[in-house]
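Visitor: My questions all concern the structure below.
The values are calculated or read from the model by the stated rules, or taken from the named source; none is laboratory data. What you see is a predicted model, and the numbers here were worked out from it, not measured in a lab. A quick note on method: Cβ atoms are made from the backbone with ideal geometry, for glycine too, and the neighbour counts reach across all protein chains shown. SASA here: full protein model, heavy atoms, side chains in, ligands and nucleic acids out. Shrake-Rupley method; radii C 1.70, N 1.55, O 1.52, S 1.80 Å.
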Amino acid sequence: MIQTMRAAVLDGPQRFSVARVPVPRPDPGEVLIRLEGCGVCASNVEPWEGQPWSTWPGAPGGMGHEGWGRIAALGEGVGGLSVGDRVTALTERSYAEYDTAPAAMVVPLPASLDGMPVPGEPVACALNIFARSDIRAGQTVAIVGIGFLGAILTRLATDAGARVIAVSRRAETLDLARRMGASETIPMDDHWRIIEDVRRLTDGHMPQRVIECVGKQWPLDLAGDLVAEGGRLVIAGYHQDGPRQVNMQMWNWKGIDIASAHERDAAVRVAGLRAAVDALAQGRLDLGPLLTGSYPLEDLGEALAATRDKPGGFVKAWVAL
């Protein structure tokens with residue numbers, strides 16, 4: 001069996017190296033996955049840029065959590081999975097050629113997805129966020145921030161019979177939102193003009209559901225201003241770069257529900273992963289227009305820079321392994 005592997009190591013702010021390190025061994029109840037690829041998550045950008053609480057070097061493969069590939073070995077006691085199975089999984093160190101995962105966090109991929117990149121974890125996040133949003137036919141839903149997550153949520157909300165108003169900075173992502181089913185699109189440039197545009201589009205009623213997908217202070221403020229009285233504000237953006245302030249007076253007066261839609265329960269997360277694989281296999285979701293950049297492991301820093309800067313028609317990067 002191969003003893004060593006290539007793995008990306010974060011050596012300091014915006015500095016990756018590729019090291020040769022031992023291949024991890026699966027513990028009892030785990031599997032070893034020979035990775036084909038790993039999606040690049042926007043939540044990696046701030047740690048890559050460096051935060052006051054950061055320490056270096058990082059763990060080999062660290063931050064990579066959107067991996068897929070084939071099972072290379074089984075730990076003791078694993079049943080229902082076989083060496084050679086193509087899978088996606090909830091992993092932790094998948095910016096590397098191999099990673100381990102608990103067998104309970106692994107979902108087999110059907111033959112219909114052969115040859116396709118399948119970063120299941122971010123699709124699972126979208127489906128779990130959608131479930132927390134409680135979107136119903138006939139509602140108006142505003143989605144603030146159209147990237148990979150916002151585009152999938154646009155598709156899911158539209159398929160559920162909702163009318164989607166997409167708000168985003170870039171003309172390319174507004175075009176993407178329309179392709180994913182958005183009824184109206186609004187450039188995210190002027191706070192008060194956006195509110196007035198949404199008010200006009202909803203005849204003054206405002207959206208019953210607003211999903212914030214950016215993870216920054218202004219979009220969160222905007223989302224709170226857009227949601228209707230008695231509606232639901234869904235916080236899907238990953239707010240990891242420091243505390244936020246919210247207008248609790250306004251939230252309280254409106255009587256809105258708040259859903260911080262980040263799942264930590266392992267059973268809920270893997271259920272979302274299974275639902276993600278089903279949605280992809282059935283063709284209800286197509287990642288083709290969303291996976292816009294493939295990078296070798298050595299260029300992981302470039303992939304993260306693109307994730308931050310979003311050049312051209314960029315939506316989401318992945319690392320080919």
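Visitor: Might you check whether a residue that is open to solvent by less than 40 Å² (accessible area, probe 1.4 Å) and under 20 Å from the mean Cα position of the chain (by Cα) occurs anywhere in the stretch 195-204?
Guide: No, that holds for no residue.
Visitor: Among the residues of the stretch 183-193, are any under 17 Å from residue 147 (Cβ atoms), among the acidic types (Asp, Glu) and surrounded by 15 or more Cβ atoms within 10 Å (Cβ to Cβ)?
Guide: So far as the stretch 183-193 goes, no, none of its residues is under 17 Å from residue 147 (Cβ atoms), among the acidic types (Asp, Glu) and surrounded by 15 or more Cβ atoms within 10 Å (Cβ to Cβ).
Visitor: If we scan the stretch 128-144, do we find a residue that is modelled with pLDDT of 95 or more, among the polar types (S, T, N, Q) and assigned to a loop (DSSP other than H, G, I, E, B)? Let's see the steps before the verdict.
Guide: Applying the first criterion (modelled with pLDDT of 95 or more) to the stretch 128-144 yields 128-144.
Narrowing the set further to residues that are among the polar types (S, T, N, Q) leaves 128, 133, 139-140.
Within this subset, residues satisfying the condition of being assigned to a loop (DSSP other than H, G, I, E, B) are 139.
Checked the stretch 128-144: at least one residue is modelled with pLDDT of 95 or more, among the polar types (S, T, N, Q) and assigned to a loop (DSSP other than H, G, I, E, B).
Visitor: State whether one or more residues within the stretch 222-232 are in a helix (DSSP H, G or I), surrounded by fewer than 24 Cβ atoms within 10 Å (Cβ to Cβ) and without any contact (Cβ under 8 Å) to a residue 12 or more places away in the chain.
Guide: no
Visitor: Checking residue 2 against (1) part of a loop (DSSP other than H, G, I, E, B); (2) of a type in the set (A, V, I, L, M); (3) within 26 Å of residue 316 (Cα to Cα), only one condition comes out false. Which one?
Guide: Failed condition: (3).
Visitor: So which residues in the stretch 302-321 are touching a residue at least 12 places away in the same chain (Cβ under 8 Å), assigned to a loop (DSSP other than H, G, I, E, B) and of a type outside the set (A, V, I, L, M, F, W, C), if there are any at all?
Guide: Across the stretch 302-321, the qualifying residues are 310, 312, 313.
Visitor: Could you tell me which numbered condition residue 299 fails, if it satisfies all but one of (1) under 20 Å from residue 125 (Cα atoms); (2) among the acidic types (Asp, Glu); (3) outside any loop (DSSP other than H, G, I, E, B)?
Guide: (1)
Visitor: Related question: Which of the residues that make up the stretch 154-185 are of a type in the set (A, V, I, L, M, F, W, C) and touching a strand residue (DSSP E or B) at 6+ places or on another chain (Cβ under 6 Å)?
Guide: Kept after step one, since they are of a type in the set (A, V, I, L, M, F, W, C), are these residues of the stretch 154-185: 156-157, 160, 162, 164-167, 171, 174, 176-177, 180, 182.
Once the filter is applied, which keeps residues that are of a type in the set (A, V, I, L, M, F, W, C) and touching a strand residue (DSSP E or B) at 6+ places or on another chain (Cβ under 6 Å), the stretch 154-185 yields 157, 162, 164, 165, 166, 167, 174, 177, 182.
Visitor: Does residue 81 satisfy being in contact with a Leu (Cβ under 8 Å, 6 or more places away or on another chain), open to solvent by 10 Å² or more (accessible area, probe 1.4 Å) and either assigned to a loop (DSSP other than H, G, I, E, B) or hydrophobic (A, V, I, L, M, F, W, C) (or both)?
Guide: yes
Visitor: Please indicate, with yes or no, whether at least one residue in the stretch 41-53 is touching a helix residue (DSSP H, G or I) at 6+ places or on another chain (Cβ under 9 Å), without any contact (Cβ under 8 Å) to a residue 60 or more places away in the chain and either over 23 Å from residue 301 (Cβ atoms) or open to solvent by less than 50 Å² (accessible area, probe 1.4 Å) (or both).
Guide: No; the residues of the stretch 41-53 include none that is touching a helix residue (DSSP H, G or I) at 6+ places or on another chain (Cβ under 9 Å), without any contact (Cβ under 8 Å) to a residue 60 or more places away in the chain and either over 23 Å from residue 301 (Cβ atoms) or open to solvent by less than 50 Å² (accessible area, probe 1.4 Å) (or both).
Visitor: Considering only residues that are over 24 Å from the mean Cα position of the chain (by Cα) and closer than 18 Å to residue 91 by Cα, look in the stretch 1-20 and name the one that is most open to solvent (accessible area, probe 1.4 Å).
Guide: For the stretch 1-20, the residue satisfying everything is 6.
Visitor: Let me ask something additional. Let me confirm something: among 155, 132, which residue is surrounded by fewer than 24 Cβ atoms within 10 Å (Cβ to Cβ), under 22 Å from residue 258 (Cβ atoms) and not aliphatic (A, V, I, L, M)?
Guide: 132
Visitor: Can you tell me which residue among 30, 76, 66 is touching a Pro at 6+ places or on another chain (Cβ under 7 Å), open to solvent by 60 Å² or more (accessible area, probe 1.4 Å), touching a residue at least 12 places away in the same chain (Cβ under 8 Å) and assigned by the TED database to the domain that holds residue 296?
Guide: Criteria check complete, one pass: 76.
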